[in-house]
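Worksheet: one structure, shown below.
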Amino acid sequence: MRLVHLADLHLGFRQYHRLTPTGINQREADVAHAFRRAIDRVIELAPDVVVIAGDVFHTVRPMNPAIIDAFTQFARLTATLPDTIVVMIAGNHDRPRSTETGCILKLFSKLGIHVIVDEPKRLAFPDRDLSILAVPDLTGPRPDLTSDPTARYNVLVMHGEVEGVMSHGGDRAAMEIPRAALTQSRWSYIALGHYHVHQRIEDNAYYSGSLEYTSTNPWSELDEEARLRLPGKGFIEYDLDEAEHTFHHIPASRALVSLDSIAARGMSATELDVAIRKACDDCEGGIEEKIVRLVVRDVPRHIVRELDSRLLRELKRRAMHFHLDTRRPDATRPIGLAGGRRPTLVETVTAYLQRRPLDEELDRASLVHLGLDYLKQADDMDAAAAAVPRE
């Protein structure tokens with residue numbers, strides 16, 4: 001029996017201000033195109049089971065074009081593969097925080113899709129000797145994760161954050177999953193959603209990853225994919241009989257490029273202008289219509305203000321999006337007669353969080369990482385404001 005595992009589609013995701021000729025946000029269109037290509041590939045594979053492990057939409061109330069496109073593609077999937085079981089659970093982006101607000105995912109039950117939104121549900125398919133425990137994102141206690149001993153195939157579909165996996169904070173909190181909870185029962189396969197980078201958790205437990213770069217920090221995803229030697233985004237095919245895992249790469253609709261950073265210490269604004277242009281000109285295939293980031297380190301704010309505004313406007317016009325990520329030097333100064341130095345802000349925050357008393361259930365390393373991530377976001381916003389070209 002073959003299973004396909006998708007997650008974190010984030011349909012309706014919008015970013016930047018570029019529009020298509022038909023007036024749709026360009027990034028929203030990019031995400032939709034990637035989803036269509038994934039459905040094309042799933043139909044070619046014709047698996048016995050398809051599971052979608054949450055975050056089908058980017059927001060609880062997606063716009064009509066995203067809803068229509070999602071319904072069209074899922075209808076195409078179920079019509080073309082009428083014998084394939086399709087199970088969908090709600091992720092933290094899908095579930096409304098108010099009980100009075102309905103969940104749009106229930107619409108897809110009209111297509112014969114098993115949609116699980118409000119509470120965990122065990123789905124039994126006796127003719128396939130298959131049991132699927134579907135666990136959507138939950139705000140209450142973690143449910144009992146036990147398999148069905150009467151079924152040959154047991155699949156757990158779950159949306160949440162497995163303990164020790166996330167290397168960067170998500171933009172919306174999801175259910176926490178202790179790693180030990182995944183190994184306490186007999187599972188043929190565990191399909192996880194929430195983490196946007198494809199990753200193995202156990203021999204039979206995987207995050208499929210997202211189909212596009214839709215998180216608050218896509219650059220961290222690029223770094224993680226490079227570390228894991230992944231080709232990029234995609235989904236999983238898993239053979240329940242042979243316990244064989246296959247990752248199907250879905251090329252991104254638009255290239256994300258993080259250029260080699262520039263060490264700008266001691267550079268004048270003119271010298272830095274030259275270095276910025278060279279970094280962009282050296283980009284393989286050019287920066288045209290790509291999402292581009294260029295990190296410039298150790299650059300004082302007054303140098304950023306003196307950069308060539310015409311050059312920056314040209315680069316922003318050529319790229320789909322161009323982000324000049326300027327980072328100021330660490331501020332240090334001697335204190336006392338011993339020639340010591342005042343700690344940097346990063347060092348001060350780290351030291352404080354490392355010694356602050358915590359409740360037992362809180363993980364100190366995660367708290368420190370989250371605090372430094374917030375500090376970095378604030379510094380990026382400050383640098384971006386300083387980098388606004390002045391005529």
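Listed values, structure above:
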{"quantity": "Check on Val86, outside any helix (DSSP H, G or I), among the hydrophobic types (A, V, I, L, M, F, W, C) and either open to solvent by less than 10 Å² (accessible area, probe 1.4 Å) or modelled with pLDDT under 95 (or both)", "calculated": "yes"}
{"quantity": "Residue, surrounded by the most Cβ atoms within 10 Å (Cβ to Cβ), within region 19-72, restricted to residues that are charged (D, E, K, R) and assigned to a loop (DSSP other than H, G, I, E, B)", "calculated": "Asp55"}
{"quantity": "Residue in region 106-149 that is nearest to Gly91 (Cα to Cα), counting only those that are hydroxyl-bearing (Ser, Thr, Tyr) and modelled with pLDDT of 95 or more", "calculated": "Ser109"}
{"quantity": "Region 95-116, subset in a loop (DSSP other than H, G, I, E, B) and within 21 Å of Leu3 (Cβ to Cβ), residue most open to solvent (accessible area, probe 1.4 Å)", "calculated": "Gly112"}
{"quantity": "Single match in Ala383, Ala365, Ala378 (criterion: surrounded by 13 or more Cβ atoms within 10 Å (Cβ to Cβ), modelled with pLDDT under 80, small (Gly, Ala, Ser) and within 25 Å of the chain's Cα centre (by Cα))", "calculated": "Ala383"}
{"quantity": "Of all residues in region 159-199 being over 20 Å from Ile132 (Cβ atoms) and assigned to a strand (DSSP E or B), the one that is modelled with the highest pLDDT", "calculated": "Gln199"}
{"quantity": "Identity of the residue in region 241-258, among the aliphatic types (A, V, I, L, M), assigned to a loop (DSSP other than H, G, I, E, B) and open to solvent by 20 Å² or more (accessible area, probe 1.4 Å), that ends up farthest from Tyr207 (Cα to Cα)", "calculated": "Ala255"}
{"quantity": "Unique match (being among the small types (Gly, Ala, Ser) and within 17 Å of the chain's Cα centre (by Cα)) among Gly12, Gly23", "calculated": "Gly12"}
{"quantity": "Residue that is touching a strand residue (DSSP E or B) at 6+ places or on another chain (Cβ under 9 Å), surrounded by fewer than 17 Cβ atoms within 10 Å (Cβ to Cβ) and among the acidic types (Asp, Glu), where the choices are Glu271, Glu284, Glu288", "calculated": "Glu284"}
{"quantity": "Residue satisfying condition, being among the hydroxyl-bearing types (Ser, Thr, Tyr) and either part of a loop (DSSP other than H, G, I, E, B) or surrounded by fewer than 19 Cβ atoms within 10 Å (Cβ to Cβ) (or both), within set Ser131, Ser210", "calculated": "Ser210"}
{"quantity": "Lone qualifier among Glu314, Glu360 - being at pLDDT below 70 and either of a type outside the set (Val, Ile, Thr) or in a helix (DSSP H, G or I) (or both)", "calculated": "Glu360"}
{"quantity": "Which numbered condition Glu202 misses (of (1) more than 21 Å from Arg37 (Cα to Cα); (2) modelled with pLDDT of 85 or more; (3) touching a strand residue (DSSP E or B) at 6+ places or on another chain (Cβ under 6 Å))", "calculated": "(3)"}
{"quantity": "Verdict on Ala226 being closer than 25 Å to Arg27 by Cβ and either among the small types (Gly, Ala, Ser) or open to solvent by 50 Å² or more (accessible area, probe 1.4 Å) (or both)", "calculated": "yes"}
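The values are calculated or read from the model by the stated rules, or taken from the named source; none is laboratory data. All figures in this text were calculated on a predicted structure; none of them were measured in a lab. Because the Cβ atoms are built from the backbone with ideal geometry, glycine has one as well, and the counts that use them run over all protein chains shown. The protein model used for the area step is the full one, side chains on, heavy atoms only, and it has no ligands, DNA or RNA in it. Shrake-Rupley method; radii C 1.70, N 1.55, O 1.52, S 1.80 Å.
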